[in-house]
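A short worksheet on the structure shown next.
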Amino acid sequence: VDSIVENILGISMLFGVTIFIIAVILISNTIRLIIHARQEAIETMHLLGATNSFIRFPFVAEGIIQGIIGSGFSLLILYLLRSLQNYLLGPLVKLPLVDPPNLIAYNIIFGLMLALIGSYRGISKYLPK
């Protein structure tokens, strides 16, 4: 039984890391598309003397907003799953689907970390330091 549980945990960790990498790639590609769409405005700001950090800040802020919205959606889905679990199995059966006290903080922290990594990855090609 222990080896089966260890295998399931290993597969779950691999699945989680894969989802994290895919999310970073999606966020960075979204930021790159936004930068590409605003390329003319970025060039104009460069000509007017704007620094790269001044131009970079709105894109990082947009990535952070995407991360917070994604965290909110995942918390909503987990809440709905918990409600479905209580409805189907009754309130007496407590399966450890989620651990609410730590879940919200971890979810927001990982959402922000994901957004920052994706934003910096997307910005790095077009706006060097």
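The values are calculated or read from the model by the stated rules, or taken from the named source; none is laboratory data. Source: prediction; values computed, not measured. Note that each Cβ is placed from the backbone with ideal geometry, even for glycine, and that neighbours are counted across all protein chains shown. Note: accessible area is taken over every heavy atom of the protein model, side chains too, but ligands, DNA and RNA are not part of it. Shrake-Rupley method; radii C 1.70, N 1.55, O 1.52, S 1.80 Å.
Any residue in segment 22-36 that is touching a Gly at 6+ places or on another chain (Cβ under 6 Å), open to solvent by 50 Å² or more (accessible area, probe 1.4 Å) and touching a residue at least 60 places away in the same chain (Cβ under 8 Å)?
Yes - at least one qualifying residue is present in segment 22-36.
Suppose we keep only residues that are farther than 28 Å from Arg121 by Cα and touching a residue at least 12 places away in the same chain (Cβ under 8 Å) within segment 73-91. Which one would you say is nearest to the chain's Cα centre (by Cα)?
Leu78
For residues that are modelled with pLDDT under 90 and under 22 Å from Leu116 (Cα atoms), scanning just segment 1-20, find the one that is least open to solvent (accessible area, probe 1.4 Å).
Filtering segment 1-20 for residues that are modelled with pLDDT under 90 and under 22 Å from Leu116 (Cα atoms), the one least open to solvent (accessible area, probe 1.4 Å) comes out as Gly16.
What is the number of the single condition among (1) out of contact with any helix residue (DSSP H, G or I) (no Cβ under 9 Å at 6 or more places or on another chain); (2) within 17 Å of Leu127 (Cβ to Cβ) that Val1 does not meet?
(2)
For the list (1) closer than 30 Å to Arg32 by Cβ; (2) at pLDDT below 75, I need the number of the one condition that Pro100 fails.
(1)
So, in segment 101-112, how many residues would count as being open to solvent by less than 80 Å² (accessible area, probe 1.4 Å) and of a type in the set (A, V, I, L, M, F, W, C)?
4
Which residue is farthest from the chain's Cα centre (by Cα), if the candidates are limited to segment 48-72 and must be surrounded by 11 or more Cβ atoms within 10 Å (Cβ to Cβ), over 17 Å from Ile35 (Cβ atoms) and free of Cβ contacts under 8 Å to residues at least 12 places away in the same chain?
Gly72
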